[in-house]
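The values are calculated or read from the model by the stated rules, or taken from the named source; none is laboratory data. Not measured: the values here are computed from a predicted model. Heads up, the Cβs are rebuilt from the backbone with ideal geometry, glycines too, and the neighbour counts pull from every protein chain shown.
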Amino acid sequence: DALGLLLAARTGRLTRRQILSRGLQLGLSTPAILALLAACQRGGENATPTTAPAGATPQAAQTPTAGRRESENREFVVLFFGGVPDLDPQSAYDNQASALFLACYEMLIKLKGESTFEYEPMLAREWSQNENFTEFTFKLSPNAVFHDGSPCDADAVKRSFTRFLKMGRGPVNVISRFVEDPDEQIQVVDPTTIKFVMAKPQPLFLAAMASEYGPLVVSPKAWDEHKTATDEFAHDWFSQNIVGTGPYKPVELLQQERFVFERFDQYHGERPFFDRIIARVVPEDATRRQLMETGEAHGCAYINPEDLLAMKQNPNLQVIEYDTTEVDWIRMNHALLNTKARQGFCYAWPYQEVIEKVLRGFARSINGPIADTVIGYDPSIPTYTTDLQKAKQLLTEAGIKEGDTFTYMYSSGDQTDAAMAQLFQANLAQIGIRLELQQVERAALLELAYGDTPPEQRPHFLSGGWWPDYNDSWNQIYPNYHSDSVGSKGSNAMFYRNPEVDRLMNQLKDAASEDEIRRLTGQIVKILTWDDPAAIFYAQIRKATVLQKDIRGFVPNPIYINSYNFWAMWREAL
C-alpha cells in the first residue's frame with residue numbers, strides 16, 4: 001500500500017523508477033508520487049540535501065576520462081535550420097535558442113539523463129525541500145563565475161530571477177506560476193545559499209526549475225552596464241550578446257549565420273571535452289544532410305523523415321531516435337476564422353497522409369495538444385479523421401464560398417512543412433477552397449509566433465508545434481491558448497481567446513491531484529479540439545538526432561528536445 005511504499009522509499013529499498021511505477025499502479029496522485037520521490041531523495045526521516053558532483057551526467061559517469069580513447073579533434077559542429085534572433089535566455093521561447101543556451105547558460109538544476117522527473121546539478125551543488133513543498137533551498141557552487149568574470153553567488157542568482165520575473169517576457173510563466181513576488185519569495189541565506197518560499201505547496205517547482213526555457217542565470221553585472229532609461233532590463237543588449245556561467249563562452253554571434261563558442265577555462269564544473277562548439281545556420285534540408293554525410297558537420301537534430309530513413313543506412317552516422325512530449329499543430333487565426341470555419345478546416349486536414357507519407361513513421365495520431373507521455377493526457381477524447389464532405393458543409397455554414405482564398409505560412413527551406421501544406425492545399429482544392437502557401441524566413445515566423453503583430457495582419461494558418469517546459473499539461477496549454485499569453489506575453493500566436501478555456505486553465509494551474517489534472521485537462525482539450533478549435537492537432541512526434549559515428553556521451557531527453565548535453569559529449573579515436 002501507500003504506507004509501505006513510503007517506508008520503502010525512506011529506507012532506500014526501492015529505486016526512484018520503482019517508486020514511480022508502483023505509485024502509478026496504486027493510483028496515487030502526481031503530488032503524492034513526487035513526495036515519495038523526494039523521500040527517496042532524502043533517504044531518511046530528516047531531510048538532507050540532494051548532492052552530486054557538479055557537471056556529472058549518467059554518460060559521464062559510465063565513460064570516465066581515464067582509459068577512453070579520445071580523438072585529437074576537439075571541435076563539434078552542429079547544424080540549425082534557422083537563425084536565432086533573440087539571444088536573451090529569459091525572453092527567447094524557441095527551441096533552437098534553448099539548444100544554444102545549454103552550451104553557455106545554466107539553470108540551478110537540470111533533468112537527469114532521459115528522465116523527466118529526476119534532477120542533477122548545474123549551478124546548484126545541492127538542494128532540498130521541506131515536507132510540504134513550500135520551501136526549496138539551493139546550495140550554489142562556490143566557484144561559479146560569469147563569462148565577464150563577476151561572481152555567480154546567491155545575490156546574483158536572486159537578481160537574475162528578479163529580472164526574469166519582472167521583465168515578464170516569453171517563458172516567464174515557467175516560474176511566475178510559483179513565484180509572484182521575487183523580492184519576498186526569493187531569499188539570500190548566505191553567499192552560496194538561496195531559498196525560494198511558496199505561499200502553498202508546489203510539488204512541480206523543481207521540475208520547472210530544470211526547464212531549459214527561462215530559469216537560466218544571466219550576469220547582473222552585464223545587466224547593470226547595459227540597461228538604459230528606455231530598456232531597464234537591457235533586453236536589447238542581451239538579445240544580441242551572451243554572458244552566462246556555462247562551459248562555453250561566446251566568440252562569434254552572427255545570429256542568422258553561425259555561433260562560435262570556446263571552452264570557458266573558469267567553468268566551475270567538470271572540464272568539457274570539446275574546445276570549440278560551432279552552430280551553423282543551414283536553412284536547406286538537402287544541404288544539412290550533405291554536410292552530415294561528408295563529415296563537415298558532427299550533429300544535427302533537424303533532418304526530415306525521408307532523409308532520416310536513408311541516413312540510417314549510412315555506416316558513418318548514428319541516428320538516435322527517441323520518444324518525446326511534442327505535439328505538432330497548425331494554428332488557426334482566431335480573429336479571422338469563426339468557430340464553424342475552424343471546425344471545417346480541421347476535417348479537411350490530411351491526417352493519415354501526413355503521418356504515413358510525410359512524417360514516415362516518426363509520429364503518431366493525437367487527439368489534442370497534450371502528448372500521451374504528459375501528465376493529464378485524456379485518451380477518451382476522439383481523434384479527427386479527414387472528412388471533406390463534413391469540411392465543406394461546415395465551411396459553407398461559416399459563410400465561406402467556393403473560390404475564397406486563405407493563407408498558410410511556414411518556414412522557408414522546410415521540406416516537411418512544404419509537403420504537408422501541399423497536401424492540405426490539395427484537399428481544400430477538392431472542395432473549392434484556395435490555399436495560398438507563403439514561405440518566410442524563420443526570423444519572420446518567430447516574430448509572428450512571439451511578437452505583437454495584430455491578428456488582422458497574420459496569416460489564416462501558421463505551422464507550429466510545442467512541448468511542455470516540464471512534464472505538466474498546464475504548462476503545455478497555458479503559453480499557447482490562454483488569453484493572457486497573446487503576443488510577446490507567451491506563444492498564443494493566433495490570439496485565441498475563450499473565457500471558458502481561461503477559467504478552466506486557471507483552475508488547472510492549482511490542481512492538487514492527478515485525477516483533477518486529468519479531468520480539467522480533458523475539458524480544456526475538448527474545447528480546444530472540438531467545440532472551439534484553436535488549431536489542427538495532427539501528430540505526436542518521435543525525434544531523431546544524427547551524429548557522426550565517433551561521437552559519444554549524447555543523451556536525448558523527452559523534454560530537452562533537439563538539444564545537446566555538450567558538457568558530457570566527446571569524440572572517440574576510431
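Numerical summary
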read-out	value
Qualifying positions in region 535-566 - among the small types (Gly, Ala, Ser) and either within 30 Å of Pro247 (Cα to Cα) or free of Cβ contacts under 8 Å to residues at least 60 places away in the same chain (or both)	Ala544, Gly553, Ser563
Among (1) surrounded by fewer than 16 Cβ atoms within 10 Å (Cβ to Cβ); (2) within 23 Å of Ser160 (Cα to Cα), the one test that Ala286 misses	(2)
Residue count for region 500-524, restricted to those that are touching a helix residue (DSSP H, G or I) at 6+ places or on another chain (Cβ under 8 Å) and more than 18 Å from Pro201 (Cβ to Cβ)	8
Neighbours by Cβ (under 7 Å, 6+ apart or cross-chain): first from region 484-506, among the basic types (Lys, Arg); second at pLDDT 95 or above and crowded, with 19+ Cβ neighbours inside 10 Å	Arg497/His334
All positions within region 250-274 that are touching a residue at least 40 places away in the same chain (Cβ under 8 Å) and closer than 17 Å to Val78 by Cβ	Pro250, Leu253, Gln255, Gln256, Glu257, Phe259, Phe261, Pro272, Phe273, Phe274
From Leu428, Leu437, residue being without any contact (Cβ under 8 Å) to a residue 40 or more places away in the chain, over 27 Å from Ile524 (Cα atoms) and not in a loop (DSSP other than H, G, I, E, B)	Leu437
Some residue of region 553-571 being surrounded by fewer than 21 Cβ atoms within 10 Å (Cβ to Cβ), assigned to a strand (DSSP E or B) and not assigned by TED's automatic domain parsing to the domain that holds Thr416	no
Filter result (in contact with a Phe, Trp or Tyr (Cβ under 9 Å, 6 or more places away or on another chain) and closer than 15 Å to Asp328 by Cβ) within region 417-445	Asp417, Ala418, Met420, Ala421, Leu423, Phe424, Leu445
Checking Ala421 against (1) out of contact with any strand residue (DSSP E or B) (no Cβ under 8 Å at 6 or more places or on another chain); (2) more than 17 Å from Leu336 (Cβ to Cβ), the condition it does not meet	(1)
Filter result for Thr383 (modelled with pLDDT of 95 or more, surrounded by fewer than 18 Cβ atoms within 10 Å (Cβ to Cβ) and touching an Asp or Glu at 6+ places or on another chain (Cβ under 7 Å))	no
Test: Thr407 is within 28 Å of Ala371 (Cα to Cα) and either among the polar types (S, T, N, Q) or outside any loop (DSSP other than H, G, I, E, B) (or both)	yes
Any hit, region 452-461, residues being within 27 Å of Gln415 (Cα to Cα) and assigned to a strand (DSSP E or B)	yes
First in region 507-534 and farther than 26 Å from Ile175 by Cβ and in the same structural domain as Trp474 (by TED's automatic domain parsing), second anywhere and surrounded by fewer than 18 Cβ atoms within 10 Å (Cβ to Cβ) and of a type in the set (D, E, K, R), Cβ under 8 Å, 6 or more apart	Ile527/Glu500
Every pair of residues 6+ apart whose Cβ atoms lie under 7 Å, when the first sits in region 154-171 and is at positive phi while the second is outside any helix (DSSP H, G or I) and modelled with pLDDT under 95	Gly170/Tyr93
Given (1) over 25 Å from the mean Cα position of the chain (by Cα); (2) modelled with pLDDT of 95 or more, number of the condition Trp237 does not satisfy	(1)
Filter result (assigned to a loop (DSSP other than H, G, I, E, B) and among the hydrophobic types (A, V, I, L, M, F, W, C)) within region 294-329	Ala297, Ala301, Ile303
Residue check for Ala449: farther than 17 Å from Leu336 by Cβ and either of a type in the set (Val, Ile, Thr) or touching a residue at least 12 places away in the same chain (Cβ under 8 Å) (or both)	no
Output for region 119-143, where each listed residue is part of a loop (DSSP other than H, G, I, E, B) and modelled with pLDDT of 95 or more	Met122, Leu123, Asn130, Thr134, Ser141, Pro142, Asn143
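Quick grid of which residues meet (1) of a type in the set (A, V, I, L, M); (2) more than 30 Å from Asp532 (Cα to Cα); (3) surrounded by 14 or more Cβ atoms within 10 Å (Cβ to Cβ):
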site	(1), (2), (3)
Leu291	yes, yes, yes
Gly295	no, yes, no
Lys312	no, yes, no
Pro315	no, yes, no
Thr325	no, no, yes
His334	no, no, yes
Tyr351	no, no, yes
